[in-house]
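**Q** Could you have a look at this structure, given as structure tokens, before my questions?
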Amino acid sequence: MPNSISRYNLAVPRYTSYPPVPHWKVEGFDIADAHSRFVDEVKKRGELSLYLHLPFCEALCTYCGCNKRITKNHKVETPYIDTLLKEWQMYLDLLVGVDFKISGIHLGGGTPTFFSPKNLDDLLSKMLEGQQLVKDYAFSFEGHPANTTSEHLRVLYKHGFRRMSLGIQDFDPVVQKAIHRWQSVEQVEKCVREAREIGYTSINFDLIYGLPFQNMEGLDNTFTEVTRMLPDRIAFYSYAHVPWVSKSQRAYDENDLPSPEAKTLLYQWGCRLLERAGYVDVGMDHFVLPGDELFTAREHHHLHRNFMGYTHDRETLQLGLGVSSISDGVGAYWQNEKVVEDWSERVNRGELPIFKGHLMTDIEKSIRRRIIELSCYFRLSESELLQAMHLDHELQHKLYAFVEDGLIDIKPNGLIVTAKGKSIVRVVCAAFDPNMKVIQDGVFSRAV
């Protein structure tokens with residue numbers, strides 16, 4: 001890895017929100033104020049997107065940093081769904097008299113397909129009862145290739161789901177053993193084939209580089225299989241090693257991970273293979289086939305980045321339901337209790353199960369706008385750049401260092417991130433973040 005890149009292998013946020021969760025000012029958070037802002041935004045926009053966190057998994061994937069509950073006891077499904085519906089009803093009560101439509105639903109986890117097709121059918125039937133949908137609504141779900149059945153696919157399709165995201169990570173059996181995540185090429189092919197036959201119009205594969213024991217040969221074989229199936233989208237994520245957050249990552253030694261130099265080569269090789277297969281890069285870690293909605297959104301300047309990654313909706317109002325879920329009220333964030341029992345107990349007491357949040361200032365909104373512009377389009381207009389420099393007099397020196405190292409160019413019309421800088425655009429974003437004047441190891445994953 002060139003010295004200029006290795007120097008920027010810093011612990012920085014992924015910027016799926018601004019401020020990132022560790023920088024929320026929780027002591028100043030007022031739930032009533034947050035909900036007042038939320039209701040006002042729903043009134044103004046007339047639409048709302050929902051994220052449902054379904055946390056259960058039958059087995060622990062050691063690489064995973066998501067909030068999950070490992071169990072083989074499927075009796076947990078019904079009580080969880082009942083509680084989720086109670087939480088939804090509390091928000092409907094908050095929105096009484098407000099005319100709105102649902103613009104999207106995303107089922108995340110955990111493993112949403114842990115739940116039986118019947119229980120998912122019951123959940124969605126009751127959630128959507130009496131609700132109106134926008135004309136171009138988008139419903140999506142995350143599935144495990146090893147347990148997503150044709151019945152799951154048909155039930156979700158019946159409720160309007162047309163997008164499926166499969167967690168592949170890597171097909172190399174050595175890597176799969178290390179991360180405790182098994183699915184065969186045949187299982188993935190079957191799932192993709194059935195989804196397309198049923199009528200799903202967008203299929204995404206999640207892949208990760210930087211996993212333990214991963215190497216060029218294994219990655220090459222994985223991409224051969226992936227590009228043969230030709231999913232519409234591919235998320236090619238950098239493995240985030242955060243064992244202080246996800247204890248399961250201590251199941252392997254850090255010496256088993258590729259070095260920063262090797263990880264950079266894995267990323268570059270993966271990008272090259274995707275480009276050869278006809279994919280176009282969108283943002284810092286997504287690749288799509290031309291004609292995909294994310295590609296069109298980028299071309300029309302509608303691309304947005306939120307807690308789920310990149311979306312084609314510019315700054316969507318998102319309500320999170322379920323344990324640990326995060327809501328983005330545009331002017332406010334809040335997160336639910338992170339333990340299933342704590343979340344369930346509060347909902348069943350008739351309380352909204354929020355345990356922390358953040359109210360955004362006008363300055364934070366402007367910083368958020370710049371970071372979204374950088375992470376979505378790899379550029380910043382002259383006016384935004386000048387405003388940022390006016391707020392932070394040290395920024396100019398940081399940017400000059402980036403220019404000297406070939407990470408960015410400063411043009412008369414603003415800032416452009418170079419091809420070299422795209423792989424570590426998180427570091428460029430962090431330069432505009434006043435909370436990152438001191439790099440905080442043990443809080444965020446490293447950029448490389």
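**Q** Of the residues that make up the range 92-102, is at least one part of a helix (DSSP H, G or I) and in contact with a helix residue (DSSP H, G or I) (Cβ under 9 Å, 6 or more places away or on another chain)?
**A** Quick first cut of the range 92-102, residues part of a helix (DSSP H, G or I) only: 92-94.
Now drop any that are not in contact with a helix residue (DSSP H, G or I) (Cβ under 9 Å, 6 or more places away or on another chain), which leaves 94.
The answer is yes, given that some residue of the range 92-102 is part of a helix (DSSP H, G or I) and in contact with a helix residue (DSSP H, G or I) (Cβ under 9 Å, 6 or more places away or on another chain).
**Q** Quick test for you: out of 153, 166, 230, pick the one residue that is closer than 30 Å to residue 10 by Cα and touching a residue at least 40 places away in the same chain (Cβ under 8 Å). Please lay out each step first, then the result.
**A** Details: 153 fails: closer than 30 Å to residue 10 by Cα; 230 fails: closer than 30 Å to residue 10 by Cα.
After ruling out the rest, the residue left standing is 166.
**Q** Residues in the range 366-409 that are touching a residue at least 24 places away in the same chain (Cβ under 8 Å) and of a type in the set (A, V, I, L, M): how many?
**A** So the count comes out to 11.
**Q** Could you tell me whether residue 355 is under 30 Å from residue 69 (Cβ atoms) and either among the aromatic types (Phe, Trp, Tyr) or part of a helix (DSSP H, G or I) (or both)?
**A** In short, yes.
**Q** Can you tell me which residues in the range 55-75 are in contact (Cβ under 8 Å) with a residue 60 or more places away in the chain and assigned to a loop (DSSP other than H, G, I, E, B)?
**A** Hits for the range 55-75 are 55, 58, 59, 60, 61, 62, 63, 64, 65, 67.
**Q** Which residue, of 183, 187, is closer than 24 Å to residue 277 by Cα, out of contact with any Lys or Arg (no Cβ under 9 Å at 6 or more places or on another chain) and at pLDDT below 95? Show your work before the answer.
**A** On the way: 187 fails: at pLDDT below 95.
Just one listed residue meets the conditions, 183.
**Q** Do you know which residues across the range 293-311 are free of Cβ contacts under 8 Å to residues at least 40 places away in the same chain and either closer than 16 Å to residue 429 by Cβ or small (Gly, Ala, Ser) (or both)?
**A** Within the range 293-311, just 297 meets the criteria.
**Q** Does residue 138 satisfy the condition of being assigned to a strand (DSSP E or B), of a type in the set (Gly, Ala, Ser) and in the same structural domain as residue 86 (by TED's automatic domain parsing)?
**A** Values: assigned to a strand (DSSP E or B): yes; of a type in the set (Gly, Ala, Ser): yes; in the same structural domain as residue 86 (by TED's automatic domain parsing): yes.
In short, yes.
**Q** Only one of (1) surrounded by 21 or more Cβ atoms within 10 Å (Cβ to Cβ); (2) touching a Phe, Trp or Tyr at 6+ places or on another chain (Cβ under 9 Å) is not met by residue 162, so which one is it?
**A** The one condition residue 162 does not meet is (1).
**Q** Residue 350 passes all but one of (1) part of a loop (DSSP other than H, G, I, E, B); (2) at pLDDT 95 or above; (3) touching a Lys or Arg at 6+ places or on another chain (Cβ under 7 Å); which number fails?
**A** (3)
**Q** Right, another one. Take the conditions out of contact with any helix residue (DSSP H, G or I) (no Cβ under 7 Å at 6 or more places or on another chain), surrounded by 20 or more Cβ atoms within 10 Å (Cβ to Cβ) and not assigned by TED's automatic domain parsing to the domain that holds residue 429 and apply them to residue 327. Does it pass? Full working, then the answer.
**A** Working: out of contact with any helix residue (DSSP H, G or I) (no Cβ under 7 Å at 6 or more places or on another chain): yes; surrounded by 20 or more Cβ atoms within 10 Å (Cβ to Cβ): yes; not assigned by TED's automatic domain parsing to the domain that holds residue 429: yes.
So residue 327 fits the description; yes.
**Q** Look through 29, 38 and report the one residue that is over 27 Å from residue 168 (Cα atoms), touching a residue at least 60 places away in the same chain (Cβ under 8 Å), buried (at least 17 other Cβ atoms within 10 Å of the Cβ) and in contact with a Lys or Arg (Cβ under 8 Å, 6 or more places away or on another chain).
**A** Numbers: 38 fails: in contact with a Lys or Arg (Cβ under 8 Å, 6 or more places away or on another chain).
Just one listed residue meets the conditions, 29.
**Q** Hey, among the residues in the range 239-276 that are of a type in the set (Gly, Ala, Ser), surrounded by 15 or more Cβ atoms within 10 Å (Cβ to Cβ) and within 19 Å of residue 423 (Cβ to Cβ), which one's farthest from the chain's Cα centre (by Cα)?
**A** Only one residue fits best here, namely 262.
**Q** Quick one: would you say residue 117 is farther than 30 Å from residue 283 by Cα and buried (at least 16 other Cβ atoms within 10 Å of the Cβ)? It would help to see each step written out before you state the result.
**A** On the way: farther than 30 Å from residue 283 by Cα: yes; buried (at least 16 other Cβ atoms within 10 Å of the Cβ): yes.
Yes.
**Q** Need at least 2 residues that are within 24 Å of the chain's Cα centre (by Cα) per element, so show me which helices (runs of 4 or more DSSP H) inside the range 373-448 make the cut, counting only ones lying wholly within it. Steps first, please.
**A** Details: elements: 382-391, 395-404, 419-422, 425-431.
Correct list: 419-422, 425-431.
**Q** Yes or no: residue 178 assigned by TED's automatic domain parsing to the domain that holds residue 338, out of contact with any strand residue (DSSP E or B) (no Cβ under 9 Å at 6 or more places or on another chain) and crowded, with 19+ Cβ neighbours inside 10 Å?
**A** Working: assigned by TED's automatic domain parsing to the domain that holds residue 338: yes; out of contact with any strand residue (DSSP E or B) (no Cβ under 9 Å at 6 or more places or on another chain): yes; crowded, with 19+ Cβ neighbours inside 10 Å: yes.
The answer is yes for residue 178.
The values are calculated or read from the model by the stated rules, or taken from the named source; none is laboratory data. Please read all numbers here as calculations on a predicted model, not as lab measurements. Because the Cβ atoms are built from the backbone with ideal geometry, glycine has one as well, and the counts that use them run over all protein chains shown.
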